[in-house]
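Quick notes on the structure that follows.
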Amino acid sequence: MKIINEMRLDFWSRPENEALARMVISAFIMPVNPTLEQLGDVKTAVSEAVTNAIVHGYREAKGLVRLRASLDEAGGLSVEIADKGRGIEDVDKARRPFFTTMEDSERSGMGFTVMESFMDQVEVISQLNSGTIVRMTKRLAPAPVLAREA
Amino acid sequence: MLDYEKRNGTVCVRLSGELDHRRAEAIRPELDGLIADPGVRRLVFDFAGLEFMDSSGIGMLIGRYKLMRSRGGSVAVMPGGRRVERLMELSGLYEIIEKLA
């Protein structure tokens, strides 16, 4: 599928950047006219992945989070959130609803469940002490105008 | 600063804007200060003005639910928009937290 737009954003693992990531991904997908539902789904899924990177990946220490996204001519969104933090010991376990490694800190353990519910596909690649990559895809509205311009 | 009302043992907190990890961490101390008063038996969240919530909001709710329950109190939610409710339904929280009309 032909890619019609791509972006990359690196930011520090600071909590205020959760909102930054949501704004950036919203602006990025706007040209394909997503429905409000799709826009909300993508914003929420990205928010979950970025929060995981900040809270679990870096345990709120300073590190870089990378947000990458691309759109194809059929309105397919690919988005990737990567950190170089602690990594996840057991990805399958982490993806289980309500599983959390931080019982005392009021994490709901729902992050991956939300990502899986709101996106079409979610792939998690993680290695202990080297980081985590979350790749998600979602089919948005087709973008005939953009595709012609590209 | 939280927008709240305290009356007859009930604290009602109106949340607007976005409830993410950052915001949940920011409001927690004030929220817990409010309900630290043993006279508070019921905590009500008004989500009507809430534009965005992710699972950090769910975590915050579960935490307050545990706190209130540990002293025989209760938590209730006045539902927000479709987005917020979608997450609330997904979490199953309405099985333990009362949903007000």
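Residues whose amide H lies under 5 Å from that of A:R139, counting only those 5 or more places away or on a different chain, are A:L77, A:D120; hydrogens are built 1.01 Å from N in the peptide plane. Using every Cα-Cα pair within chain A, state what percent have a distance larger than 24 Å. Looking at chain A, the distances longer than 24 Å represent 30 percent of pairs.
For the Cα trace of the protein assembly as shown, dividing Rg by the Kirkwood Rh returns an Rg/Rh value of 1.00. Extension gain for A:M30-A:M7 works out to 6.9 nm (0.36 nm per residue, less the C-alpha to C-alpha distance). May I ask for the distance between the Cα centers of region A:29-45 and region A:66-121, given as a whole number of Å? So the two Cα centres are separated by 17 Å. Relative to the Cα centre, the charge distribution of chain B, modelled as +1 at Lys and Arg Cβ and -1 at Asp and Glu Cβ, gives a dipole magnitude of about 320 debye. Summed over qualifying helices (DSSP H, 4 residues or more, each -39500 (n - 2.57)) and divided by its residue number, chain B shows a 222 nm mean residue ellipticity of -13000 deg cm²/dmol.
Tell me, what ³J(HN,Hα) does each residue in region B:3-16 have, in order and in whole Hz, if you take phi through Karplus 6.51 cos²θ - 1.76 cosθ + 1.60 with θ = phi - 60° and put x for Gly and Pro? After applying 6.51 cos²θ - 1.76 cosθ + 1.60, I find 9, 9, 9, 10, 8, 6, x, 10, 10, 10, 10, 9, 9, 10 Hz.
When only alpha carbons are used to place a centre, region B:39-101 and region B:9-29 end up 11 Å from one another.
Think of it as helices only: each DSSP H run of n ≥ 4 in chain A is worth -39500 (n - 2.57), and spread over all residues that comes to -9500 deg cm²/dmol at 222 nm. Pairs B:K6/B:K99; A:K43/B:K6; A:K43/A:K93; A:K138/B:K99: which are spaced more than 27 Å apart, C-alpha to C-alpha? Long pairs (Cα-Cα over 27 Å): A:K43/B:K6; A:K138/B:K99. Computed from point charges on the beta carbon alone (+1 for Lys and Arg, -1 for Asp and Glu), the dipole magnitude for region A:33-131 about its Cα centre is near 420 Debye.
A:T35 exposes around 70 Å² of accessible area when a 1.4 Å probe is run over every protein chain in place. In the complete set of protein chains, residue-level accessible area for A:D92 is approximately 120 Å², probe 1.4 angstrom. A simple rule links phi to the HN-Hα coupling: the Karplus curve 6.51 cos²θ - 1.76 cosθ + 1.60 with θ = phi - 60°, which for region A:20-35 gives 4, 4, 5, 5, 5, 5, 4, 5, 5, 8, 3, x, 8, 6, x, 6 Hz, with x for Gly and Pro.
Treating r as the C-beta distance of A:M102 and A:S130 and R0 as 25 Å, the FRET efficiency rounds to 0.80. Here the spin labels are modelled as points 7 Å beyond Cα on the Cα-Cβ line, and at B:A26 and A:R95 they lie 3.4 nm apart.
In summary, no helical segment of chain B meets the span-like criteria, namely a full DSSP H run, a Cα extent along the axis of 30 angstrom or more and a mean Kyte-Doolittle hydropathy of at least 1.6.
For B:Y94 and A:R66, FRET efficiency with R0 = 25 Å and r from the beta-carbon atoms, rounded to 0.05?
0.10
Within a straight-line Cα-Cα reach of under 12 Å, A:K62 can be paired with the following aspartates and glutamates, leaving aside sequence neighbours fewer than 8 residues apart in one chain: A:D83. Charged neighbours of B:L87, selected by a Cβ distance under 12 Å, balance to -2 (K, R count +1; D, E count -1).
With a 1.4 Å probe rolled over the protein heavy atoms of all chains, the accessible area of B:L34, A:L36 falls in the order A:L36, B:L34, largest first.
Close amide-amide hydrogen proximity is noted between B:A76 and B:L43, B:V44, B:F45, each under 5 Å apart and 5 or more residues distant or on a separate chain (H modeled in the peptide plane; Pro and chain starts excluded). Residue by residue, region A:50-59 carries 3J(HN,Hα) couplings of 5, 4, 4, 4, 6, 7, 9, x, 9, 6 Hz when phi is fed to the Karplus relation 6.51 cos²θ - 1.76 cosθ + 1.60 (θ = phi - 60°); x denotes Gly or Pro.
The values are calculated or read from the model by the stated rules, or taken from the named source; none is laboratory data. In this text, all values refer to a predicted model and were calculated from it rather than measured experimentally. Neighbour counts are summed over all protein chains in view; Cβ atoms, including those assigned to glycine, are modelled from backbone coordinates with ideal geometry. Note: areas computed on protein heavy atoms with side chains; ligands, DNA, RNA excluded. Shrake-Rupley method; radii C 1.70, N 1.55, O 1.52, S 1.80 Å.
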